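The values are calculated or read from the model by the stated rules, or taken from the named source; none is laboratory data. Every value quoted in this text rests on a predicted model; they were computed, and no experiment measured them. Backbone-built Cβ (ideal geometry, glycine too); neighbour counts: all protein chains shown. When the accessible area is computed, the model is the full protein with side chains, heavy atoms only, and any ligands, DNA or RNA have been set aside. Shrake-Rupley method; radii C 1.70, N 1.55, O 1.52, S 1.80 Å.
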Amino acid sequence: MAHILRLLCRGYFVQRHHLVSASSRRFAHTLAESCVPAAESDSSNEFVSTISSLDAQFAEEFDNNNVHAASISSSKDWSRDYQLDKVMTRHLDSAVLGVRRLFDLVKQNKLEEMLVVHDELAEKEKETLHTSMDVVMYSRLMTRIRELRPHYVLPVFQRMLSIGVVPNVVPYTILVQAFMEIVAREDGKGTKVVSATQELYVTRAFELIKEMRGKDILPNKLTYKPIMSWLAAKGNVGQFQELRKLMEDDGVPFDGVFKYYEIQLFLQSRDFERAKSLYLAAKKLDQKLPSSLDSRFLTALAKEDNISVVVDLLPKVIPTIKSSASVVTAMQCLGRHFQRDAALQAFSLLKTKGTSDQQMTFYLNAYIQGFSQAGKLADAINAFRELEIVSQVKGGQHLFNILIDFCCKQGKISQGLDFLDEMQVRNLELSSFSFNPFIREFGRWTMIDEAFEMKAAMLRLGVQPTVVTYNSLISACVKIGDLERACSLFPEMKELGVEANTHCYNPLIQGFAMQGRFDRALAVMRSMDAAGVKPDVNTYRLLIFACSLSKDQDKADQVTSQLPVVFFCVEHFSK
């Protein structure tokens, strides 16, 4: 019985051994519609597929009424017409055979021929076609055509009207979707420029909605959705607000995905404060929004140090957020403001979510880095120890390097050395980042022997010094006036494969200039050229400074005259 009812609903009533009359077919439609459950009746949500150019997957989550629409619009439906193949083996009238042929031609993407066949069928079956090809079947046909070539939806809609089929919201909605699909296909990558074709079809979509309302056919969410989605992407505030007013007049709820579109609208129109206000209002009501929006606003709020909002927002977005960068920014914000309880809750939620140990360590690094930015060394160490115990998050190489650098900047060299020892106890890999902070600070305090001893310790432990290491050592030597020792580092750098940069040469030029050794300053300049290191603005400034201190004024004038013209241009415009 159920099988026969499905055939009746499609307009393919067949009885073995004789043809069905037009009156019997009309009775079949009535019987089928009265027996089919409400969820399968001809409602405004059937035979309509959802279009969302901004976030299709998210749009579907907010559409609780388009389950049948999605299944109807799917291309898989082509394989579900096996009932029709059975019917073809029986006696059919010419109208039913013609309708079947229309669908076959669409399946073969022969849309021009399909229109011709439809016109022939309409002429031949003037009295009966509208009973076999009712609004449900036209909606189905239009949906399939829209998937292939949306430009052909309008001619089918017009032919439906010409044979006397009265449309409801479904074919109108499909036509609006077809227009907006044409518009979407015209879009350039990331551009807000609207072409003439786009403007034409958007205007047509607007006119269709007004035509529907004039005929007392109320548009629904699926009718408005594709237009609102596109307007939001273009930041078209005026037309978006006009459609919103129509939705309110029609009693269509402006919620769910439309809230998302409104936030996107103001983001695209550069009204970030309005978008932020709408976003926070939605989150306050625990409305679900795409994780991309959560990431964007969480990052922005954390950078603004809006700590109260960040603390309130984190528990709501962590379970669904996908961007690790936004969580890192938020963790740094928590560290800067010493939000212990919020941090413990965040780490607990991340662990419950199934975040990997490596990622958890990454977030711990960001949290401790926030303390570093605020200059709270003792609080950073206490937070690190507590999280290791409470949240079972183990600190890695990068975290210890952060703590070592933090200790050195605070003048706590001894405490930094303790962390260096702990790294070795934990079998963490040592790197130049573990030693360079000590060399930098020893050099700053003119503790040259200790700085060179740290460099020697690096080599003994198999850690390769970097150009930053030698920059610090050279600057330290120049600071105490030991320029020869600084020069002796260059052969060592070459032997270790460390390429010198301007930060290695510039301090030497300054040092020789301060000692009045103009020839040696020029020699350093020539060494730079031989090594393929291009001078920067500071190099030329230091060379002019050396010339000004030179006793050989003629030679100094000669060197100054050879300086690039571009340097003087930069100097002029920088003032």
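Of note:
- Between ARG101, ARG159, ARG140, ARG146, the distinction of being in a helix (DSSP H, G or I), closer than 26 Å to ILE217 by Cβ and open to solvent by 40 Å² or more (accessible area, probe 1.4 Å) belongs to ARG159 only.
- In the set PHE442, PHE452, PHE419, only one residue is assigned to a helix (DSSP H, G or I) and either within 44 Å of the chain's Cα centre (by Cα) or in contact (Cβ under 8 Å) with a residue 60 or more places away in the chain (or both); that residue is PHE419.
- Residue check for THR361: within 17 Å of LEU399 (Cβ to Cβ) and not in a helix (DSSP H, G or I): no
- Qualifying positions in region 282-317 - open to solvent by 50 Å² or more (accessible area, probe 1.4 Å) and part of a helix (DSSP H, G or I): LYS284, SER292, ARG296, LYS303, SER308, ASP312, LYS316
- Pair list, Cβ under 7 Å, 6 or more apart: region 517-544 residue among the acidic types (Asp, Glu), other residue part of a helix (DSSP H, G or I): ASP536/THR502
- Within region 390-412, tally of residues that are modelled with pLDDT of 90 or more, open to solvent by 40 Å² or more (accessible area, probe 1.4 Å) and either of a type in the set (A, V, I, L, M, F, W, C) or out of contact with any Ser or Thr (no Cβ under 9 Å at 6 or more places or on another chain) (or both): 3
- Entry remark, region 218-235: residues being under 15 Å from LEU265 (Cα atoms) and not in a helix (DSSP H, G or I) number 1 in total.
- Within region 409-445, the set of residues being hydroxyl-bearing (Ser, Thr, Tyr) and over 20 Å from GLY462 (Cα atoms) comprises SER414 only.
- Of everything in region 120-158 that is over 25 Å from ALA184 (Cα atoms) and of a type in the set (Lys, Arg), the residue that is modelled with the lowest pLDDT is LYS126.
- For the condition under 30 Å from the mean Cα position of the chain (by Cα) and on the phi > 0 side of the Ramachandran plot, PHE338 qualifies.
- Near pairs, Cβ below 7 angstrom, 6+ apart or cross-chain, from region 350-366 (within 12 Å of VAL327 (Cα to Cα)) to any residue that is assigned to a loop (DSSP other than H, G, I, E, B) and among the β-branched types (Val, Ile, Thr): LEU350/ILE318; MET360/VAL393; LEU364/VAL393
- Answer residue from region 326-354, given it is open to solvent by less than 30 Å² (accessible area, probe 1.4 Å) and not aliphatic (A, V, I, L, M) and is farthest from SER295 (Cα to Cα) among those: GLY335
- Neighbours by Cβ (under 6 Å, 6+ apart or cross-chain): first from region 160-171, within 16 Å of LEU208 (Cβ to Cβ); second of a type in the set (Phe, Trp, Tyr) and part of a loop (DSSP other than H, G, I, E, B): VAL170/PHE47
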